[in-house]
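Please read the structure below before turning to the comments.
The values are calculated or read from the model by the stated rules, or taken from the named source; none is laboratory data. Nothing here was measured: the structure is a model prediction, and the numbers come from that model. Side chains included, ligands, DNA and RNA excluded: accessible areas come from the protein's heavy atoms. Shrake-Rupley method; radii C 1.70, N 1.55, O 1.52, S 1.80 Å.
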Amino acid sequence: MQETERAAAADQRAGYVITHRDELERTGSWSLVRRSLDCKAFGLNLVEIPAGQSIPEHDETGRDQEEVFFVISGSPTLVIDGEDHAAPAGTFARIDPEHRRTVRNDVEVVACADPVEQPFMLGRHQLAVASEQTGRPDVDDRVVERSRP
């Protein structure tokens, strides 16, 4: 979807934006929720993980932010510091910055997870500068906090 089409599809008013997941900006299997909603206080993306695939393993120490995952559909495996954790639809997980994590889909259907991020050491209303993240689509380089529930 082109930028002008996306802007037209979202209901943008002073102080709020409403859009449907089918109208979100995308890059690969990632739906860029933060960018599409113009969120500035926290990061939020949606990723669809095809069977047999995973998101890149990473930690958030470079950005000092905790990350929350919410599994919307499927039954992926959340891997934290090499340890597998079942994560069926409806699962929430909060992970401190220093832990390495990935979400792996070992089943035959697409799994959908919602990673949201918040600066760990900063207050919930403060902003941090987004930085590059190897292997994951960083939404932009504005002064925003990314990236995580």
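Amide H to amide H distances under 5 Å link THR27 with LEU32, where only residues 5 or more positions off or on other chains count and H is placed in the peptide plane. With the alpha-carbon atoms of segment 11-62 aligned to their principal axes, the span from lowest to highest coordinate is 41, 28, 11 Å, starting with the largest.
Figure note: SER36, SER29 ranked by solvent-accessible area, largest first, 1.4 Å probe, ligands and nucleic acids not counted: SER29, SER36. Between the alpha-carbon centres of segment 56-94 and segment 15-38 there is a gap of 21 Å. Amide H contacts for VAL107 (H built 1.01 Å from N in the peptide plane; partners 5 or more residues away or on another chain; cut-off under 5 Å): GLY52.
From the protein chains alone at 1.4 Å, what is the descending order of accessible area for THR19, THR102, largest first? Intermediate results must be reported in sequence, preceding the final value.
On the way: THR19 40, THR102 15 Å².
Descending accessible area places them as THR19, THR102.
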